[in-house]
Amino acid sequence: MSEIETKQFEPYYGLGGWLLYLQIGLGINLVIIIYRLANIISIMHLNWLDAIKLLFTTLYGIPNVLVIIGIIACFISLWMKSMMFRIFYVSIHAVSFLSVILIGLFSDLSYLLNLIGVSIGASIWITYVFKSERIKNTLRKVGQEKTEYEIYIEEEKSESLANNQNELQENIR
């Protein structure tokens, strides 16, 4: 590739750009979910055992715990530059979508607005996660030690080194 193509490829690598906003959104959602769960536990004046029962046995608690685990898994896989990030990210939205539907079955139609909001957010960000050049260049495939971009840079360096050695040999002759 030419130097111009290399310059165009470089900006779309790493955890910056829109991927940074996605990380901020995940962090904010994590804080909000933990705050809401803690608030419910404190309002109900539950001891720790009852709080754990609430979190792992209720229609409200289970999805939130799964989303918390999913967000943490997203952060870990993203920082490790693993393609598993995509699976965890889609799982978070699937759990959120299903929980809104299930909770909506037992309540009024106000949850329909939540369902629309979850659907719009999921469609935007899931599309980004699968179509983004930055994510394609940043994340490693499962079992791969380096990202596509890192492999590309190494190939460019080895080609450049080979060209330099050829030029040096020609200059010596």
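The values are calculated or read from the model by the stated rules, or taken from the named source; none is laboratory data. Note that the structure is a prediction, hence the values are computed from the model and not measured. So basically every Cβ, Gly included, is an ideal-geometry build from the backbone, and we count neighbours across all protein chains shown.
Being at pLDDT below 75 and either under 19 Å from Ile24 (Cα atoms) or not basic (Lys, Arg) (or both) is a property that holds for Glu145. When the stretch 70-83 is examined, which residues are found to be in a helix (DSSP H, G or I) and surrounded by 17 or more Cβ atoms within 10 Å (Cβ to Cβ)? Those that are in a helix (DSSP H, G or I) and surrounded by 17 or more Cβ atoms within 10 Å (Cβ to Cβ): Gly70, Ile71, Ala73, Cys74, Ser77, Leu78.
Exactly one residue out of Ile92, Ile40 is surrounded by 17 or more Cβ atoms within 10 Å (Cβ to Cβ) and within 13 Å of the chain's Cα centre (by Cα): that is Ile92. Restricted to helices (runs of 4 or more DSSP H) entirely inside the stretch 1-69, those with at least 2 residues that are within 30 Å of Tyr152 (Cβ to Cβ) and modelled with pLDDT of 80 or more are 18-43. Taking first residues from the stretch 152-173 that are under 24 Å from Leu139 (Cα atoms) and partners that are in a helix (DSSP H, G or I) and modelled with pLDDT of 75 or more, no Cβ contact under 7 Å between residues at least 6 apart in sequence or on separate chains turns up.
Here the condition is being free of Cβ contacts under 8 Å to residues at least 60 places away in the same chain and in contact with a Leu (Cβ under 6 Å, 6 or more places away or on another chain); of Gly27, Gly70, Gly61, it holds for Gly61 alone.
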